[in-house]
Protein chains: 2
Amino acid sequence: MKVTINDVAKLAGVSMKTVSRVINKEPSVRKKTYDIVMDAVNTLNYQPNLAARNLAGTSSFTVGLVYDNPNAYYVIDMQNGVLSRCKEEGYELVIHPCNYLDGNMEEDFKTMIKRSRLAGLVLTPPLSEQNSIIDMLDEMGIHYVRVLSGRPTEENQDTCIYVNDYAAAYEITAHLLSLGHKNIGFLCGDKEHKSTTERLEGYQAALKDHSIPLHDALIYEGQYSFESGVEGAKALLGENNPKNITALLGGNDEMAAGALFASRLMGIEIPQQLSITGFEDSPFSRQTWPKLTTAHQANDVISQHAARLLFRKTRGARNQDKDIITTFTPSLVVRESSGPTSA
Amino acid sequence: MKVTINDVAKLAGVSMKTVSRVINKEPSVRKKTYDIVMDAVNTLNYQPNLAARNLAGTSSFTVGLVYDNPNAYYVIDMQNGVLSRCKEEGYELVIHPCNYLDGNMEEDFKTMIKRSRLAGLVLTPPLSEQNSIIDMLDEMGIHYVRVLSGRPTEENQDTCIYVNDYAAAYEITAHLLSLGHKNIGFLCGDKEHKSTTERLEGYQAALKDHSIPLHDALIYEGQYSFESGVEGAKALLGENNPKNITALLGGNDEMAAGALFASRLMGIEIPQQLSITGFEDSPFSRQTWPKLTTAHQANDVISQHAARLLFRKTRGARNQDKDIITTFTPSLVVRESSGPTSA
DNA sequence: AGTTAAAATGACAACGCTGTCAATGTTCTA
DNA sequence: TAGAACATTGACAGCGTTGTCATTTTAACT
């Protein structure tokens, strides 16, 4: 019933070690031997036992995905991406949701790492921005790949995957400007988050490039939540829209949806009286009325690349993935929530 | 740096095996010995190595979560629930998303089970309803717990967690009836899914109990998606609402949101002209306009219980959880999308 | 052909734990 | 208080791999 490496070795007429070499794609195996072994592997339908590999080997076949992002769509996308790579490479994935505010995160990490000796971690934002965590991992000698919001830097090319929110926000803003909007509000997330500052800077750069003066009064800081989108829209549009805002950039789709909700409350027609845009292109940007203009972020692809990068670091030279993309720029998706200004 | 069971044994002045007994809560350890060992465990901050345990022991410390449900909110909730139990009990979780239509699912399962010898699986709907899968698992001798939509039966009490969608649908329907609605449409999911038929039957039972005749023409079969909610609402309300429908039950929140969207398209005011209800109380039932009346389903609690049940099966008598709830009934949450009929 | 270097393979210990079974302590019975 | 019965502990093998190092085979030279 249970097939072990020994069974394969016996059938192939080689030693256990040779089989091990074959399944690990180690060099120094004659082509002919390789084929014989693979045949045996296939006829017996052999699957190497992960526990044994993790125990015996110096490097493990388990990677971890750590997140503290409350957005279910985001997490699922990231998870699926990493998972699909893991499956292909025979790795196992351990999920580790956490709450940065909990305080005992450090202990938590250590426990996880001890329990299942991990080959490495994929860290997602905003947790991936925490230097304290990075320092800890460096100190512990744990491999990791960070998914970060921002423009790539020269250093860290082998450790980070960048999502260029700056460029995407610039593009969205330019889109609104091209529609004739001049007073554009921004409902941003927590400014502690890099994604917020990047998106904000992109927005500001676009305005500047179009010679539109910047006003802090047009910026509302929320928490990337639907509720804070509602509050933000109410705050910015106030009584009768004194600031004459004709377009509102949502820091993400949820905030944009909140703004949509608030507009409804205030009797503002979208997009006739006000354009609203989102960010991320999560499923519910298609489930609002009207559907949201947003920036599409290919989270599943991003996470696949993150996993690839991690595997490469982990296995050193064994891996030949040389073409790993490390910068992604979300791209504009125009839907019904944005339109020409009537002001 | 790396603490093993031997280090603990040495510090405690006992044999390795005794430490093993303590961390596994086996009987036949003197209280005093237990305390000494636990002290050593704590001062060294010992964490048993999972790979070694899985390799050496007869039962493994890894459980799997299998799902083919496309709803991110649902999956995350289930995952978090199972994960939180796993953490407490020192288990590891392997995530296994799959697509029942893929065909090669059986092979897929076997591979997963071989790779990491699993203690058991938590199966979520609709995959948990597939007899072919259950049969396969039975044949392979794999432990599992199924989360199922439906009313509990006498058998299977130790293997299934039931979500009583029937009762919940009954309650929602009764709520609408109490608001004076008589022509109530139903946007149901795929009738292949048990959740659909259960919800449908609950709806029908409520109507019957209130002496309202049933009409098949009031039922639209979709796929639990936003788009099919849009289509369904259009189909049922048609041109000028010939069937005089004053309320629409959504099979889930997404379909209800779709119906909301369609109503907007058709210029129907919610809830003044039409009441719409959802099912599940997922986050975005609070992010629509107006917010959805729905049935709250405690997925995180449900999944925690599923995990508990699995652990109990796995470890036999070692576990004293005797009070595991196995039936959950979603409860009505009234929000703004339902109101008295004006017809 | 005879040597030597390099490539390919194998024997065996080790990874950190649990299961088995034997050894020792403890408590109870008569 | 001896002996039985039971509770507690420990020695050691084995789980299925990989790493190390020794051995054999092949290729590449004189």
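Sort out which residues of the stretch A:13-22 are near DNA strand C (Cβ under 7 Å from one of its atoms) and within 41 Å of the chain's Cα centre (by Cα), and write them in order of number.
The answer is A:Met16, A:Lys17, A:Thr18, A:Arg21.
Just to be sure I understand, how many residues within the stretch A:74-86 are within 18 Å of B:Asn99 (Cα to Cα) and either more than 9 Å from every other protein chain (Cβ to nearest Cβ) or of a type outside the set (A, V, I, L, M, F, W, C) (or both)? If you could, list the steps in order and put the result at the bottom.
Taking the stretch A:74-86 first, the residues within 18 Å of B:Asn99 (Cα to Cα) are A:76-86.
Now restrict to residues that are either more than 9 Å from every other protein chain (Cβ to nearest Cβ) or of a type outside the set (A, V, I, L, M, F, W, C) (or both): A:77-82, A:84-86.
The number of residues fulfilling the criteria is 9.
In the stretch B:106-127, what residues are touching a Ser or Thr at 6+ places or on another chain (Cβ under 9 Å) and either within 11 Å of chain A (Cβ to nearest Cβ) or assigned to a helix (DSSP H, G or I) (or both)?
Within the stretch B:106-127, the subset touching a Ser or Thr at 6+ places or on another chain (Cβ under 9 Å) is B:106, B:116-120, B:122, B:124-126.
B:Glu106, B:Ser116, B:Arg117, B:Leu118, listed by residue number.
So B:Ser60 ticks every box in (1) facing chain A (nearest Cβ under 9 Å); (2) at pLDDT below 95; (3) more than 16 Å from DNA strand C (Cβ to nearest atom) but one. Which box is left unticked?
Here B:Ser60 meets the rest and fails (3).
Please go through the stretch B:87-96 and pick out each residue that is facing another protein chain (nearest Cβ under 8 Å) and not in a loop (DSSP other than H, G, I, E, B). Give the steps one after another, and end with the answer.
The first filter runs over the stretch B:87-96 and keeps only residues facing another protein chain (nearest Cβ under 8 Å), leaving B:90, B:92-95.
B:Glu92, B:Leu93, B:Val94, B:Ile95, listed by residue number.
Would you tally the residues in the stretch B:49-62 being surrounded by fewer than 20 Cβ atoms within 10 Å (Cβ to Cβ) and farther than 11 Å from B:Arg117 by Cβ?
2
Could you grab me the full set of residues in the stretch B:286-302 that are buried (at least 23 other Cβ atoms within 10 Å of the Cβ) and within 13 Å of another protein chain (Cβ to nearest Cβ)?
Listed by number, the residues that qualify are B:Gln287, B:Thr288, B:Leu292, B:Asn299.
Checking the structure you have, find out if any residue of the stretch B:214-231 is more than 14 Å from every other protein chain (Cβ to nearest Cβ), in contact with a strand residue (DSSP E or B) (Cβ under 9 Å, 6 or more places away or on another chain), under 21 Å from B:Thr329 (Cα atoms) and touching a residue at least 24 places away in the same chain (Cβ under 8 Å).
no
Have a look at B:Gly57, B:Gly103 and point out the one that is of a type in the set (Gly, Ala, Ser) and within 11 Å of DNA strand D (Cβ to nearest atom). Break it down stepwise before answering.
Values: B:Gly103 fails: within 11 Å of DNA strand D (Cβ to nearest atom).
Only one candidate passes the filter, namely B:Gly57.
Take the conditions within 9 Å of chain B (Cβ to nearest Cβ) and either surrounded by fewer than 16 Cβ atoms within 10 Å (Cβ to Cβ) or at pLDDT 95 or above (or both) and apply them to A:Asn131. Does it pass? Walk me through it before giving the result.
Numbers: within 9 Å of chain B (Cβ to nearest Cβ): no; either surrounded by fewer than 16 Cβ atoms within 10 Å (Cβ to Cβ) or at pLDDT 95 or above (or both): yes.
So A:Asn131 does not fit the description; no.
Do you know which residues across the stretch A:1-33 are over 22 Å from B:Lys114 (Cβ atoms) and more than 10 Å from DNA strand D (Cβ to nearest atom)?
Result: A:Gly13, A:Pro27, A:Val29, A:Lys31, A:Thr33.
Would you say B:Glu89 is in the same structural domain as B:Thr314 (by TED's automatic domain parsing), away from DNA strand C (no atom under 16 Å from the Cβ) and surrounded by fewer than 22 Cβ atoms within 10 Å (Cβ to Cβ)? Steps first, answer last, please.
Details: in the same structural domain as B:Thr314 (by TED's automatic domain parsing): yes; away from DNA strand C (no atom under 16 Å from the Cβ): no; surrounded by fewer than 22 Cβ atoms within 10 Å (Cβ to Cβ): yes.
So B:Glu89 does not fit the description; no.
Collect the residues in the stretch A:45-85 that are of a type in the set (Gly, Ala, Ser) and not in a helix (DSSP H, G or I), keeping them in residue-number order. Working first, answer last.
Going through the stretch A:45-85, the residues of a type in the set (Gly, Ala, Ser) turn out to be A:51-52, A:56-57, A:59-60, A:64, A:72, A:81, A:84.
Matches in the stretch A:45-85: A:Gly57, A:Ser59, A:Ser60, A:Gly64.
Inside the stretch B:150-197, can you point out the residues that are among the hydroxyl-bearing types (Ser, Thr, Tyr) and either buried (at least 18 other Cβ atoms within 10 Å of the Cβ) or closer than 13 Å to B:Glu129 by Cα (or both)? Quick ask: steps written out before the conclusion?
Start the filter on the stretch B:150-197 by keeping residues that are among the hydroxyl-bearing types (Ser, Thr, Tyr), which leaves B:153, B:159, B:162, B:166, B:170, B:173, B:178, B:195-197.
B:Thr159, B:Tyr162, B:Tyr166, B:Tyr170, B:Thr173, B:Ser195, B:Thr196, B:Thr197, listed by residue number.
Taking the stretch B:271-285 as the region of interest, how many residues are in a loop (DSSP other than H, G, I, E, B), surrounded by fewer than 24 Cβ atoms within 10 Å (Cβ to Cβ) and within 11 Å of chain A (Cβ to nearest Cβ)?
0
Hey, among A:Lys10, A:Lys25, which residue is away from chain B (no Cβ under 14 Å), within 14 Å of DNA strand C (Cβ to nearest atom) and not in a helix (DSSP H, G or I)? It would help to see each step written out before you state the result.
Details: A:Lys10 fails: not in a helix (DSSP H, G or I).
Exactly one of A:Lys10, A:Lys25 is away from chain B (no Cβ under 14 Å), within 14 Å of DNA strand C (Cβ to nearest atom) and not in a helix (DSSP H, G or I), namely A:Lys25.
So A:Val41 fits all but one of (1) surrounded by fewer than 18 Cβ atoms within 10 Å (Cβ to Cβ); (2) more than 11 Å from DNA strand C (Cβ to nearest atom); (3) in a helix (DSSP H, G or I); what number is the exception?
(1)
When you scan the stretch A:97-105, do you find a residue that is modelled with pLDDT of 90 or more and more than 14 Å from chain B (Cβ to nearest Cβ), even just one?
No; the residues of the stretch A:97-105 include none that is modelled with pLDDT of 90 or more and more than 14 Å from chain B (Cβ to nearest Cβ).
The values are calculated or read from the model by the stated rules, or taken from the named source; none is laboratory data. Quick caveat: nothing in here was measured; it's all calculated off a predicted structure. For neighbour counting, all protein chains shown are included, and Cβ atoms are generated from backbone atoms with ideal geometry for every residue, glycine included.
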